Every structure is written in C-alpha cells, then in structure tokens.
Amino acid sequence: MLLKAVMSACLLASSSIADQAAASGSYPDRPIKIIVGFVPGGPTDLYARIAAHGLGEIFGQQVVVENLAGASGAIAAATVAKAKPDGYTLLVNVVSDIITPLAKKSPGYNLEKDFSPIGLIADAPNVLVVNPGVLADSLKSLIDYARRHPHTLNYGSAGTGTVSHLAGALLASAANIDITHVPYKGTNGAQMDLLAGRVSMMFDNLTNGLANAKAGKVKALAITSAQRWPGAKDLPTMAELGFPGVTITSVFGLMAPAGTPGPVVDRLSGALAEVLKNKAYREKIIHSGARPGALDAKGYGAYIAKESRRWKLFLEGHPGIIPAE
C-alpha cells in the first residue's frame, strides 16, 4: 500500500510537471485577454494597450483589452480572480485593487492571495490641480483657505479607493482640513467637472494636469512623487511642502489568477520585461508622464505586500474613508 501511494504521488508529480512544461512550451497558442477595470481613454486603459500590443508582437498572438468598468476596478479584479488560471485572462491592477479587499466586507477577491504577479508596466505620480476660481495659488494658501472655509472645497477622483481619492484623503488627514470627496467612474468625468468648476480640485494624472495647467485651465500646485519628476522639475513635491505622508504613486501592474503555472508566469514576466526594454514602448510610457516599470514578478509581489501593509494601517486609523459596502 505504501509503495502504491508513493508511486501514485510520483505519477501525480510527474503529470503536474509535464502539464506545466507543456503549458510553458505551447503557451500561448490562442488569444490572450487583458481586463481593465476602468473606461477606455484613461491611464489604466492606455498602459494595458501598450502592454497588449507589445506582448502580441512577442507572442505572435492577438492580445485584446477588455474594459470592465465599475466599483473602482473591483468588478474587473473579481472577474479575473475567478478566471481559469491558464495565462489567457490577465488583469491590469491599480492601487484601488489593493485598497478594496482591505476595506470591503465582501470584495470578491484578495489581491495577495488570488493573483500571481507578473510585473509592473508603469508607475506615475499625480499632480494636485485646482480650478482657477479657487482662491489659492500654492498648497499653503489652499490649506489656509480650506481651514477658513470648511466643507466648501471638494475634490474629484477616478473612484473610491483610487490614487486620486487616496491622495486627497491623505492630504485632508495630514493638513487637518475638511474637503469633500466626489468619486467618478474614471478620470475623464472628474477632469471635465474640474474644468467646468463643478469640483474645486483634483489629484490628476501628470500629463493631463500639466497640459491643462499650461493652457491656464487649472493651477498646478504640487506633485505626489517622492522626488521631483522628470518633465515637471519646477513643480514641488508634497514632501518638500511639508507633507511627506502624501507621497503616493499610481501603479499599473500585470497579474494572472492564482494557480497559473509557474512557467507561464515566467514566460509572461519575461515577455513584459522585453516589451519595457523596447525604445518605442518606453517612449510612449514616458511621453504619457509615467515611468516604465522595473519590477519583475517577484519584485512586484513584494511591492504589493508592502503597500497592503501601509494601507491597512492607514485605513485602520481612518475608518469611514472607504464605505464598508
């Protein structure tokens, strides 16, 4: 019986190894789908399409992007978490995908447990911009105004739990000001209402924020990166202005469902790294105001774990920022 059990275990192990080798050797042999949790036209969609195009060229297979917007990306994340772990359904994750499982009672997924990291596509800071009608030309004057006029300023975001929301929550906490969060289903709606004056301010993506500031449509006050950012070196960081806790960047990573064979994850991670070394794709990312990713599967997994700990502590100290349901 013992011999039988050992032989059975060996057969199962060899079968598993054979399956993984086959998966790696023939992968991919059909189209791959990348799911994005936001509407087309935003930064998440942009980086997903850059990755999709590059991977498609390397693999010689079609890589399509599908937008499944809603719940600040949680619908897309939950969908991919339940997908077959074969490397043919992937997710472009963002910071809100880390936040949602920490704040919601039934999020439908856990980013650390239900996914296998592949790598970081790009990361970028956000820029604090205000409507010209707001009587503030610096972060200090904005905070002073908010303190003198509590509950009168509001800020738009791409949705609850997104970087544009969390940056505002971090600022409100650090500066002890009352500003109202107005969530949208992506960046476009928030940007339009900021220009129209229906929202006072926003932590916008860098390209859009700087372009609107240059055109005089908004006033750019600060950037959320740890150091001054190439292409925006005249713009002070939140840390320089006395708020190091408001250092936060948008990340756009590629992930597969947990249980995806290791060789397939390695194949995807290696291919993504190859895409990000390509001059044309690097220039597209840099031109958008972001930085090409430099984290492989292991490095990106460590980053997710570190950020999960950071936001868990923040949310525990600031209950109510993310509605439980």
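The values are calculated or read from the model by the stated rules, or taken from the named source; none is laboratory data. This structure is a prediction, so every number in the text was calculated from the model and none was measured. Glycine gets a Cβ as well: all are built from the backbone with ideal geometry, and neighbour counts include every protein chain shown.
Conditions (1) in contact (Cβ under 8 Å) with a residue 60 or more places away in the chain; (2) surrounded by 19 or more Cβ atoms within 10 Å (Cβ to Cβ), marked per residue:
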residue	(1), (2)
I75	no, no
T79	no, no
K82	yes, no
V95	yes, yes
P101	no, yes
V130	yes, yes
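Evaluate the stretch 186-193: report whether one residue or more is modelled with pLDDT under 95 and either assigned to a loop (DSSP other than H, G, I, E, B) or of a type in the set (F, W, Y) (or both).
The answer is yes, given that some residue of the stretch 186-193 is modelled with pLDDT under 95 and either assigned to a loop (DSSP other than H, G, I, E, B) or of a type in the set (F, W, Y) (or both).
Can we say A213 is closer than 13 Å to V129 by Cβ, at pLDDT 95 or above, outside the structural domain of S96 (by TED's automatic domain parsing) and not in a helix (DSSP H, G or I)?
In short, no.
Look at I58 and say whether it is hydrophobic (A, V, I, L, M, F, W, C), at pLDDT 95 or above and touching a helix residue (DSSP H, G or I) at 6+ places or on another chain (Cβ under 6 Å).
Working: hydrophobic (A, V, I, L, M, F, W, C): yes; at pLDDT 95 or above: yes; touching a helix residue (DSSP H, G or I) at 6+ places or on another chain (Cβ under 6 Å): yes.
Yes; evaluated as a whole, the condition is true for this residue.
Give the residue that is surrounded by the most Cβ atoms within 10 Å (Cβ to Cβ), with candidates limited to residues of the stretch 135-180 that are in contact with an Asp or Glu (Cβ under 8 Å, 6 or more places away or on another chain) and part of a helix (DSSP H, G or I).
S164
Determine which member of the set L268, L313, L295, L254 is in the same structural domain as A81 (by TED's automatic domain parsing), aliphatic (A, V, I, L, M) and modelled with pLDDT under 95.
One residue alone meets the criteria, L313.
Can you report the number of residues in the stretch 144-160 which are of a type outside the set (S, T, N, Q) and touching a Phe, Trp or Tyr at 6+ places or on another chain (Cβ under 9 Å)?
5
Does any residue of the stretch 223-231 turn out to be touching a Phe, Trp or Tyr at 6+ places or on another chain (Cβ under 7 Å), aliphatic (A, V, I, L, M) and in contact (Cβ under 8 Å) with a residue 24 or more places away in the chain?
Yes, the stretch 223-231 has at least one match.
Check R267, R291, R282 and return the single one that is among the charged types (D, E, K, R), under 28 Å from L90 (Cβ atoms), in contact with a Pro (Cβ under 7 Å, 6 or more places away or on another chain) and surrounded by 15 or more Cβ atoms within 10 Å (Cβ to Cβ).
On inspection, the qualifying residue turns out to be R282.
Does S14 qualify as being modelled with pLDDT under 95, surrounded by 21 or more Cβ atoms within 10 Å (Cβ to Cβ) and assigned to a helix (DSSP H, G or I)?
no
Hey, could you check the stretch 33-42 for residues that are modelled with pLDDT of 95 or more and aliphatic (A, V, I, L, M) and say which is surrounded by the fewest Cβ atoms within 10 Å (Cβ to Cβ)?
For the stretch 33-42, the residue satisfying everything is I34.
Counting just the residues of the stretch 43-64 that are hydrophobic (A, V, I, L, M, F, W, C) and surrounded by fewer than 19 Cβ atoms within 10 Å (Cβ to Cβ), which one comes out nearest to F252 (Cα to Cα)?
Within the stretch 43-64, the subset hydrophobic (A, V, I, L, M, F, W, C) is 46, 48, 50-52, 55, 58-59, 63-64.
Add one more test, that the residue is surrounded by fewer than 19 Cβ atoms within 10 Å (Cβ to Cβ), and what stays is 58-59, 64.
Values: I58: 20, F59: 21, V64: 17 Å.
Among those that are hydrophobic (A, V, I, L, M, F, W, C) and surrounded by fewer than 19 Cβ atoms within 10 Å (Cβ to Cβ), it is V64.
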